[in-house]
Structures are given as C-alpha cells and as structure tokens.
1. Please return the longest stretch of the chain lacking exposed loop sites, where GluC sites (Glu not before Pro) count only if DSSP places them in a loop and at most 16 other Cβ atoms lie within 10 Å.
2. What pairs from LYS9/LYS43; LYS50/LYS100; LYS39/LYS140; LYS9/LYS117; LYS39/LYS124 go past 21 Å between their alpha carbons?
3. Out of region 35-140, which chymotrypsin sites (Phe, Trp or Tyr not before Pro) are coil in DSSP terms and have no more than 12 other C-beta atoms within 10 Å?
4. Remind me, what semi-axes does region 8-89 give for its equivalent ellipsoid, largest first in whole Å, using sqrt of 5 times each Cα gyration tensor eigenvalue?
5. Under a 1.4 angstrom probe, counting protein chains only, how are ASP32, ASP75 ranked by accessible area, largest first?
6. Considering all alpha-carbon pairs of region 93-140, what whole percent are spaced by more than 17 angstrom?
7. Dipole of the chain, Cα-centred, from +1 at each Lys and Arg C-beta and -1 at each Asp and Glu C-beta, to the nearest 20 debye?
8. Quick one: work out Rg over Rh on the C-alpha atoms of region 50-140, Rh as Kirkwood radius.
Amino acid sequence: MQIRELDLKELLMVYEVVSQLRTTLTYDEFEDLIYEMRKSEYKMIGIIDKEMLIAYAGIAIQTNLYHKRHLFVFDLVTDEKYRGKKYGAMMLEYLHDYAKMGMCENIVLSSGFAREKAHKFYEKNGFIKTSFVFLKSVRK
C-alpha cells in the first residue's frame, strides 16, 4: 500500500471514487474541472493498494488573510468498500505531514450540513467547526 500523488492518466480510477461523494458530477465535468483546477496547484492524493484507489484527497496549498498559508482539502473520500477501516484517518495523517512540509499553519475543509458522520470523523481527528460557508447562485 502507498500514499502518493496521482496523475492525469489515473482520472477514471479517481472518478470512480470521487463520484461516491460528488454524485451529480459526470465524468466529462469532472475531467474538465480537474484540468482547470490544476492551474491553481490542485493535487490529487490517493491511497493505493494493489492498483486500487482506496481513499482520495483533492488538495491545494493556499494563502488568504484569515487562514494564512494553509492546506485546503476540497475533496476527501474513501471508497465505500473500504470505509470504517481507518483509511480516512491515515489520509488525514498524511495531509497533516504534507501541510507541515508545505509550511502551512492549518488544514481547512468545508463539509455539507447533512454529512454528520463526516463531521464526527473530522472532530475525532482534531478538526473544529469555525464557520459557515455561504453560497449564492449567479445563474438565476
């Protein structure tokens, strides 16, 4: 088993796991968005075992006025076949080390209200709730 950065040749494998979290995202949308996000230093990190993607994190080191230099976790998902086996915690440990190596002050993520199991998981792993994320559509 290894934890490593994934490359664009592995997008189909990544999509099969990410789509368990982002259920309305088509493969074509996913691919287009990944290519666009890579311009902002978006990295794809995976736990791989026997050529299978077990857990995935989409991350970027960012800087802003309130979190300063931080690691932002856009996506964190463990394949449903492997949930409850500590792979998510293993990924968070890896991301903690990644953030330290990147000279970040924090790891930051956003999670939807309905994902109560995920919230308990994050809290169990040392995260605290600090804010709400507000969204307003500009399409209407």
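1. Answer from the scan: 52-104.
2. LYS50/LYS100; LYS39/LYS140; LYS9/LYS117; LYS39/LYS124
3. In loop regions of region 35-140 (DSSP not H, G, I, E or B), the sparsely surrounded chymotrypsin sites (Phe, Trp or Tyr not before Pro) are TYR66, PHE113, PHE132, PHE134.
4. Its equivalent ellipsoid spans semi-axes of 22, 17, 11 Å.
5. ASP32, ASP75
6. 49
7. Computed charge dipole of the chain: roughly 640 debye.
8. Using Cα coordinates only, the ratio equals 0.99.
The values are calculated or read from the model by the stated rules, or taken from the named source; none is laboratory data. Please read all numbers here as calculations on a predicted model, not as lab measurements. Here the Cβ is made from the backbone with ideal geometry for all residues, glycine too, and neighbour counts use every protein chain on show. Please note that ligands, DNA and RNA were not included when accessible areas were found on the heavy atoms of the full protein model with its side chains. Shrake-Rupley method; radii C 1.70, N 1.55, O 1.52, S 1.80 Å.
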